[in-house]
Amino acid sequence: MRSFSVELSSWARLGLRLTAKDGPCRSYLGGDPLLPPNHTWPSVDGRPMRFLARISLREADVCARLPQLPDEGALLFFYDGDSLPAGWDPNDKDRFAVLHLPDLAAPLTPETFTAMTCTARGVGFSPTLTYPSWEHPAVEALGLSDEEFDEYESFTDALYCGKARHQLCGNPSTIQGEGLELICQLA
């Protein structure tokens, strides 16, 4: 069996896997973004965007320091859930929003999440090394046989223990092909 973690060690990137959390937390999916009074809800074509997630940078930082993220505050993610843009058209640039705002003063509880208009789900973090997808040029350059390709897929799948690949930073877990990252950058 090949040792992919050694061969691709230069391509490994630290990421934070999002995990379900039942206790008090400042990070969550769904629910209410709890915008400060001086901020308006992001909109597109006169319609409010859908709120996706609030990530407390303090909670993420306690798990592992990711230098590409700010030290303080929270990131709030919004998306045009009506037109469902893919992101590769330059006209899609206003159909999502990421706000960097002050963090919540105190953690929310599971009771708070169920009292929200749209029930939220608390999120915790687990540090994990991420590796490129099988379509990444570094992996393709290895010239893997079919058997080795299966081993590589098993290796990367095992990092997620059969769970969804929801993560913050690290190598992307592409589902639409490796070229999508470049297409979005060009758009």
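The values are calculated or read from the model by the stated rules, or taken from the named source; none is laboratory data. Being a predicted model, the structure only gives us computed values, none of them experimental. We place every Cβ from the backbone using ideal geometry, glycine too, and count neighbours over all the protein chains shown. The protein model used for the area step is the full one, side chains on, heavy atoms only, and it has no ligands, DNA or RNA in it. Shrake-Rupley method; radii C 1.70, N 1.55, O 1.52, S 1.80 Å.
Where nothing but the Cβ of Lys and Arg (+1) and of Asp and Glu (-1) is charged, how large is the charge dipole of the chain around its Cα centre, in debye to the nearest 20?
Details: 15 positive and 26 negative charges, 175 e Å.
The dipole of the chain has a size of about 840 debye.
How much of the accessible area of the chain, in percent, comes from carbon and sulfur atoms when a 1.4 Å probe is used? Provide the component values of the computation, followed by the final result.
Values: 6090 of 10750 Å².
The computed percentage sits at 57.
Could you give me the ³J(HN,Hα) list for segment 53-60, computed from phi with Karplus coefficients 6.51, -1.76, 1.60 and θ = phi - 60°, whole Hz, x at Gly and Pro?
7, 10, 10, 7, 5, 5, 5, 5
Who wins for biggest fluctuation among 57, 168, 34 in a Gaussian network model of the chain, springs between alpha carbons below 10 Å?
In the Gaussian network model the winner is 34.
Pick from 145, 173, 126: which is most flexible by mean-square fluctuation in a GNM of the chain where alpha carbon atoms under 10 Å apart are linked?
Its mean-square fluctuation being the largest, the pick is 145.
I need to check one value: relative contact order of the chain, counting alpha carbon pairs closer than 8 Å and at least 6 residues apart, in percent.
This gives 34 percent for the chain.
Run the helix sum for the chain: -39,500 (n - 2.57) per DSSP H stretch of 4+ residues, divided by residue count, reported at 222 nm to the nearest 500 deg cm²/dmol. Mind showing how you got there, number by number?
Numbers: 6 runs with 41 residues, N = 187.
Value at 222 nm, helices only: -5500 deg cm²/dmol.
How far, in degrees from 0 to 90, does helix 146-158 lean away from the longest principal axis of the Cα atoms of the chain, to the nearest 10?
In the chain, helix 146-158 runs at an angle near 30 degrees to the longest axis.
Using the crude model of +1 on Lys and Arg Cβ and -1 on Asp and Glu Cβ, and no other charge, please compute the dipole size for segment 1-111 relative to its Cα centre, in debye to 20.
On the way: 12 positive and 15 negative charges, 68 e Å.
Using only the charged Cβ atoms, the result is roughly 320 debye.
Scan segment 49-80 for trypsin sites (Lys or Arg not before Pro) in coil per DSSP, keeping those whose Cβ has at most 15 other Cβ atoms within 10 Å, and list them by number. Don't jump to the answer; show the numbers that get you there.
Working: sites: 50, 54, 58, 65; in loops: 65.
Answer by residue number: 65.
For segment 1-54, take N as its residue count and report Rg(C-alpha) divided by 2.2 N^0.38 Å. Spell out each step's value before the answer.
Values: Rg = 19.0 Å, N = 54, 2.2 N^0.38 = 10.0 Å.
This ratio for segment 1-54 stands at 1.90.
Enter the accessible area per residue of the chain (Å², integer; probe 1.4 Å; all protein chains in place).
Dividing the accessible area of the chain by its residue count gives 57 Å².
Taking the chain on its own, what percent of its Cα-Cα pair distances exceed 24 Å?
48
Would you please name the trypsin sites (Lys or Arg not before Pro) within segment 80-172 that are DSSP coil residues with at most 15 other C-beta atoms within 10 Å of their C-beta?
Details: sites: 93, 95, 121, 163, 165; in loops: 95, 163, 165.
Taking segment 80-172 and a limit of 15 other Cβ atoms within 10 Å, the loop trypsin sites (Lys or Arg not before Pro) found are 163.
Work through the residues other than residue 85 whose Cβ is under 11 Å from its Cβ and net out their charges, Lys, Arg +1 and Asp, Glu -1. Before the final figure, lay out each step's value.
Numbers: positive: 93, 95; negative: 80, 82, 89, 92, 94.
Surrounding charge for residue 85 is -3.
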